[in-house]
Structure formats: structure tokens, C-alpha cells
1. Looking at the range 226-277, which of the residues that are part of a loop (DSSP other than H, G, I, E, B) and among the charged types (D, E, K, R) is nearest to Pro160 (Cα to Cα)?
2. Go through the range 313-338 and give me each residue that's in contact (Cβ under 8 Å) with a residue 12 or more places away in the chain and either in contact with a Cys (Cβ under 6 Å, 6 or more places away or on another chain) or among the β-branched types (Val, Ile, Thr) (or both).
3. For residues that are farther than 17 Å from Ala277 by Cβ and in contact with a Leu (Cβ under 7 Å, 6 or more places away or on another chain), scanning just the range 318-334, find the one that is surrounded by the fewest Cβ atoms within 10 Å (Cβ to Cβ).
4. Among the residues of the range 290-312, how many are free of Cβ contacts under 8 Å to residues at least 60 places away in the same chain and buried (at least 21 other Cβ atoms within 10 Å of the Cβ)?
5. Given the conditions (1) surrounded by fewer than 19 Cβ atoms within 10 Å (Cβ to Cβ); (2) part of a strand (DSSP E or B); (3) aliphatic (A, V, I, L, M), and given that Ile183 satisfies all but one, which numbered condition is not satisfied?
6. Consider Phe8 against the criteria (1) closer than 22 Å to Ala148 by Cα; (2) of a type in the set (Phe, Trp, Tyr); (3) surrounded by fewer than 19 Cβ atoms within 10 Å (Cβ to Cβ): it satisfies all of them except one. Which criterion is unmet?
7. So which residues in the range 131-154 are at negative phi, buried (at least 21 other Cβ atoms within 10 Å of the Cβ) and outside any helix (DSSP H, G or I)?
8. Looking at Ala28, Ala48, Ala15, Ala22, can you tell me which residue is modelled with pLDDT of 95 or more, assigned to a loop (DSSP other than H, G, I, E, B) and buried (at least 18 other Cβ atoms within 10 Å of the Cβ)?
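The values are calculated or read from the model by the stated rules, or taken from the named source; none is laboratory data. What you see is a predicted model, and the numbers here were worked out from it, not measured in a lab. Cβ atoms come from the backbone with ideal geometry, glycine included; neighbour counts cover every protein chain shown.
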Amino acid sequence: MSKNVTYFTSESVCAGHPDKIADRISDAILDEILKQDPHAKTGLETVAGANRVVLFGEVNTTAKVDYKSIAKDTIAELGYTNPAWGFSDLSPVEVYIHEQSPEIAQGVVDDGGAGDQGMMFGFAINETPELMPLPITLAQELTKRLDAVRINKTLSFIRPDGKSQVTVRYEDGKPVFIEKVVIATAHNEDTDESEVKDAVYKEVVLPTLKKYGYSINKDQLIVNGTGLWHIPGPSSDAGLTGRKIVVDTYGGYARVGGGAFSGKDPSKVDRSGAYAARYIAKNIVAAGLATKCEVGLAYVIGQPKPLMKTIDTFNTATCTQKELEDFAEKLIDTSVKGIINKLELRNPIYKETSSYGHFGRPNFAWEKIEKP
């Protein structure tokens, strides 16, 4: 019998990608605010362009924050310390952050109501130990490794900007091998393209795929499709907070909600609701109640509880729908306050979420597997 063959591709980006620079600055500011004022309300947006950073957004907080210093320190941490690249920690930072609208604030006092309307989705599948889809898991691990070999100087010619892309072949719905890997990475001028490809294949691609039981030949790898790439960061392409929501979630394998995450305090259900939905979906799969699960939530601004709560196991459930719903109810209270308390979202944990995805990483509370 012939097998049903399909392919799926996901991408990720390095921490020094322009959009991720913006996400990290927004979340670094959020963390500093939460250190001083755990009940602050924030909606922080960063634009990173050629030799300039501009901060926008709204806050309701007692915290005293040096926005410019946080932005510059974050840029330096990401490796942008060379002004010759047209963007660095010496680039000017403009601040246009203002007070939160009182019309919004009146509905979210004491974390009682959702900070905005919206729908969000959480997903889990038994393709990887992290219970994440294989394509996005490999893509995230490749960018993480690409950054690591730059930072630890294993590949000293790498510069702080890059992307990955992984195409997985599926047969009858199961991943069987890696069809293609694409890597883009900025690098020094005196390193030629063949040297870059050889080094990336040996030090980045092979170790990462081996960790998950896969491998590819070098001819299945594309590195820097146009040949050379020397200038990294926002001088080549501007960055915006929240523009990598598919990278931040499931790589396109599952549905994505209507809002991004970075710069938002947890009263914003775009963030906290997505974390809760992933928490439920992952625990359902981890408990053996299904092999694939998507949880949907939707909220109204100012209201504490979701107006929609769905669980779809794509006909893979080992129990009834009622048992799934009861399991989810016992696992977490999906009111805004219930999510914040259960997942301890008032802590300054967000800068670390800004790179390599928000899901599939065991150090975050929403990735914790509860005992059934």
C-alpha cells in the first residue's frame, strides 16, 4: 500500500535578528518594570532600524525605569557593539512611552479582567520529547546552536544575525526524515562561502539533528542562498516587536491567535492565555489522553473568564470529551487571575522568552507537566 507523503517546513531566527532585537528590548523593559512593580500594566513596542531604536507604547506603573539604558544594554548583550555595522549599542534611542489609557485600565484592575479581547491557541503533539512539532523544534534548536557557536567562539567569524529553516518529510502523518535545512548567517568579510557552509554543517547542523535522531548530507543544506552576507541586524532590515509570532509559537503547524507576546504584561491574554492554552494541551498529551491536542481560548476586554474554551484532539483521544474537559478544569483556572497565579506570571521572566520560541522549553512554568 502506498504511503501518504507530505512535507512541512518551519523557520526560526537568531536572537540577533532585527525583529528579535525588538522583542528582547520590549521584554527586558517589561522585566525591569515587574521587578519594581509586579502589578504593572504594559504594552511596549520597539522599532529597531538603521542606527536607531525607537520605543513606543503605554505603561501604568510606579516603577522608575531608564528605558534608554535597558535598550542599549540589550543591544550590547546581543553582540551589536560594532558601529561599522550601522547599528550598535551606540545608536541613539528615542522614547515615546506614555501612560496607559484610563479606559483600558478601568477594566483590568487587580488582574481581574482581560487586558484586551482576542483568541489564542495552545498546541502539543508527541513528535518530540518537548511535545512540539518536529519542524519548529529543529528550527529553534538550529538558531540556538548558531548563536552558541558565535558566543563561545567555536565559529569566530559568525556575526549576530541569522535564520534557519527545516523541511520534514512525513509518511502517513509521521515524521520520517529531514528533506532540507536552510541556514542564513552573517559572517566576516574574510570568510568565503564554502568555509561558512562547511563549518555550519559540522558545528551547527549535524550536532543539532543528531540530538533528535536525524542527519542530512551536506548537499541537503543551503547556507546563505545569495552567497555572502556581511552586515547583520537592523541596518539591513528593520525590526519590530511582535512580528515573529509564528516563530514564537508552533512554526505554522498549529493555529495562531490574534496577538503577539513581547512587551505585554500578563493581564494581556494574548500572552497569558496562549501560555495557559499550551499548558493544557501539553498536559493532555503528556498524560496520554491524546497524541495531538489544540486548545482554544477567547476573552473579552475587562472580563475575567474566557467566553470560548475548546479542546480538539483530532480524533486521537483515548478518553471522552467530557473527561478531557474535566482534566483541563482541574489543571488550571483559565480566568485571567487564575492563569497569572498558577503560572506565576508576575515574575520578571520574559526576556528569556524573546528568543527561540515561547514553547517547548522546560524552564518555563507553562511547560511543566503535572502528575495526573
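1. The residue in question is Asp237.
2. If the condition is that a residue be in contact (Cβ under 8 Å) with a residue 12 or more places away in the chain and either in contact with a Cys (Cβ under 6 Å, 6 or more places away or on another chain) or among the β-branched types (Val, Ile, Thr) (or both), then Thr313, Thr316, Thr318, Ile332, Thr334, Val336 are the ones that fit.
3. Per the criteria, the residue is Thr318.
4. Counting residues in the range 290-312 that are free of Cβ contacts under 8 Å to residues at least 60 places away in the same chain and buried (at least 21 other Cβ atoms within 10 Å of the Cβ) gives 3.
5. In the conditions (1) surrounded by fewer than 19 Cβ atoms within 10 Å (Cβ to Cβ); (2) part of a strand (DSSP E or B); (3) aliphatic (A, V, I, L, M), Ile183 misses (1) alone.
6. (1)
7. Matches in the range 131-154: Met132, Pro133.
8. Every option except Ala15 fails the conditions.
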